[in-house]
Amino acid sequence: MEHAPDAAEQERQRRFRLLSPHLPHGLVTFPRRLLPWIEPWFLVYACLGVVQGGMLPLLLPLSAGGSTHAGMIVGVMNLAGISAPFWGHLADRRRLHRQVLLAGTLAAFVALLLMPAQIGLPLKTVFAAILGVGFAAANTVANMFIVEVHPRDEWDARIGALQALSGLGQVFGLLLAGFIGGRYALAYGVAAALVAAAVPMALLTLRGIQVPVVQVPVQRDLAAAHPPLGGEGWGGSPQRMFHICTWRGLRTLLGELEMPFARLLIVWFVAFIAISAVLTMLPLALIRGFGVSTGLPATTYAFAAAVSLAMYPLVASLSKQRGAGIVLQAGFALRAIAIALLALAFLSANGGVPLALAGFVVLVVAWPLLGVSGTALAAQRAPGEKGEALGLFNASTALASAIGAFLGGWAMELVGYGEVCMAAAAIVGLAALVSGGENKGPAPAG
């Protein structure tokens, strides 16, 4: 429905732009009661969450045909997430939100159909890139169906409900991947069917969502950043793709770059290269190193992801009370301990599978500490525009995840997974020590 804003609307929009309450970035999770805020089109992203967050982190590395191939395929898919700003700007400028969602979903569907074919690594890499671009396009516009349509005081609850439903989809997808096991062609077929089901859902449920055409588009940085659920295995989640940067804003941000924000970016980037190398190869290493079934890492991952969902409100409350810097340091410390446990399990004869699974659980459960505090600190440390800073922070995470997957696959083939974990534990432990210089006080008021 097209309408021109009246004077009262224009004044309200102007006030919102002047207020720009950037906090609590990273400290908003999901409401206690979900049902009042769930809309029918949320099912589209629940289906995408089942596939992208739950099935693909296991399916892609296990079906690749080796650690080097696994690192290449997962790395290319993560790298494709950097295309998010293009899709976001296209949707915002041309008002093509539905079209971008449908195009991205169809691209992911085609790639999933072709992935199990007996083809070489170059073609599989191309399909992985198409898969990553498709999910990036679909997820970039997710929150815009909320902030462009609903009143501002409902944004946090609705975005949080969408995020919670996607997170539950991830847990279900992990369980589904474990149930299917090593029948990779069947798993890709089920994933393609779920993504295909999202297309008619989007057509039917978004038909009544009136995204304004003439009205001035809502700026993305007016909505608080929610910490992404699902960890690095789901680097392209809607919460990762929402805040995007522009070339002009990026040049301004880099020109005004200050040491606290630069240090956060560097520490985060280096640590997440090491973490991605460990987490990407972990399911494949468990199966190769200990001969466990495919269902065991999937079930373990699902259990840890479910536990982590309950931790987000607690971690957000802790960050408000004690400061995001302390929470960030604790998250890195827990992950360093988890990776050290994995190194011990793979390098020694003691502990074996139980020790490796314990490290796996701690590794995933520690994510809310990093997801909440990292997003909050990126906004707090930003020297200028918060939206641009969060966009740069998200892009650096996607790049680190891609580089980590590349290096993890290559290093596992060259020296072994235990050695990869040993080096990563040292890097993440150093990140925990260095991040101790971040803000230790409570989060500043909005």
Checklist entry - Do you know which of the residues in segment 164-179 that are touching a Ser or Thr at 6+ places or on another chain (Cβ under 8 Å) and of a type outside the set (Gly, Ala, Ser) is surrounded by the fewest Cβ atoms within 10 Å (Cβ to Cβ)? => result Leu175
Checklist outcome for this item: Picked from segment 27-55 (must be β-branched (Val, Ile, Thr) and part of a loop (DSSP other than H, G, I, E, B)), the residue farthest from Pro227 (Cα to Cα) is Ile38
Item to check | All positions within segment 113-133 that are modelled with pLDDT under 90 and open to solvent by 60 Å² or more (accessible area, probe 1.4 Å) | outcome: Gln118
Next on the checklist: Looking at the structure I just gave you, is Leu309 of a type outside the set (Asp, Glu), more than 22 Å from Trp410 (Cα to Cα) and open to solvent by 10 Å² or more (accessible area, probe 1.4 Å)?
Outcome noted: yes
Checklist outcome for this item: Being assigned to a helix (DSSP H, G or I), open to solvent by less than 50 Å² (accessible area, probe 1.4 Å) and either under 17 Å from Leu194 (Cα atoms) or small (Gly, Ala, Ser) (or both) narrows Ala157, Ala103, Ala142 down to just Ala157
Checklist entry - Out of the residues in segment 313-327 that are of a type outside the set (A, V, I, L, M) and out of contact with any Leu (no Cβ under 7 Å at 6 or more places or on another chain), which is surrounded by the most Cβ atoms within 10 Å (Cβ to Cβ)? => result Gly323
Checklist outcome for this item: Here the residues within segment 132-149 that are more than 18 Å from Ala108 (Cβ to Cβ) and in contact with a helix residue (DSSP H, G or I) (Cβ under 6 Å, 6 or more places away or on another chain) are Asn143, Met144, Ile146, Val147
Next on the checklist: Restricting to segment 145-154, name every residue that is open to solvent by 30 Å² or more (accessible area, probe 1.4 Å) and among the aliphatic types (A, V, I, L, M).
Outcome noted: Val149
Item to check | Residue satisfying all of: in segment 224-280; open to solvent by 30 Å² or more (accessible area, probe 1.4 Å) and basic (Lys, Arg); farthest from Gly416 (Cα to Cα) among these | outcome: Arg248
Item to check | Wholly within segment 231-305, helices (runs of 4 or more DSSP H) carrying at least 1 residues that are over 23 Å from the mean Cα position of the chain (by Cα) | outcome: 247-255, 259-290
Item to check | Residue count, segment 61-83 (criterion: within 17 Å of the chain's Cα centre (by Cα), surrounded by fewer than 24 Cβ atoms within 10 Å (Cβ to Cβ) and either of a type outside the set (Ser, Thr, Tyr) or modelled with pLDDT of 95 or more (or both)) | outcome: 4
Next on the checklist: Considering only residues that are assigned to a helix (DSSP H, G or I) and either over 17 Å from Ile275 (Cβ atoms) or in contact with a strand residue (DSSP E or B) (Cβ under 7 Å, 6 or more places away or on another chain) (or both), which ones fall in segment 346-357?
Outcome noted: Leu347, Gly352, Val353, Pro354, Leu355, Leu357
Checklist entry - Can you name the residue in segment 328-365 that is of a type outside the set (A, V, I, L, M, F, W, C) and open to solvent by 50 Å² or more (accessible area, probe 1.4 Å) and, of all such residues, is nearest to the chain's Cα centre (by Cα)? => result Gln329
Checklist entry - With Ala324, Ala345, Ala333, Ala310 as the choices, which residue is out of contact with any Gly (no Cβ under 6 Å at 6 or more places or on another chain), farther than 22 Å from Phe269 by Cα and of a type outside the set (Val, Ile, Thr)? => result Ala310
Checklist outcome for this item: Gly404 meets each of (1) within 17 Å of the chain's Cα centre (by Cα); (2) closer than 18 Å to Val327 by Cα; (3) in contact (Cβ under 8 Å) with a residue 60 or more places away in the chain with one exception, condition (2)
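The values are calculated or read from the model by the stated rules, or taken from the named source; none is laboratory data. Keep in mind it's a predicted model, so treat the numbers as computed, not measured. When we count neighbours, we look across all protein chains shown, and the Cβ atoms used for this are built from the backbone with ideal geometry, even at glycine. We work out accessible area using only protein heavy atoms, side chains counted, and drop any ligands, DNA or RNA first. Shrake-Rupley method; radii C 1.70, N 1.55, O 1.52, S 1.80 Å.
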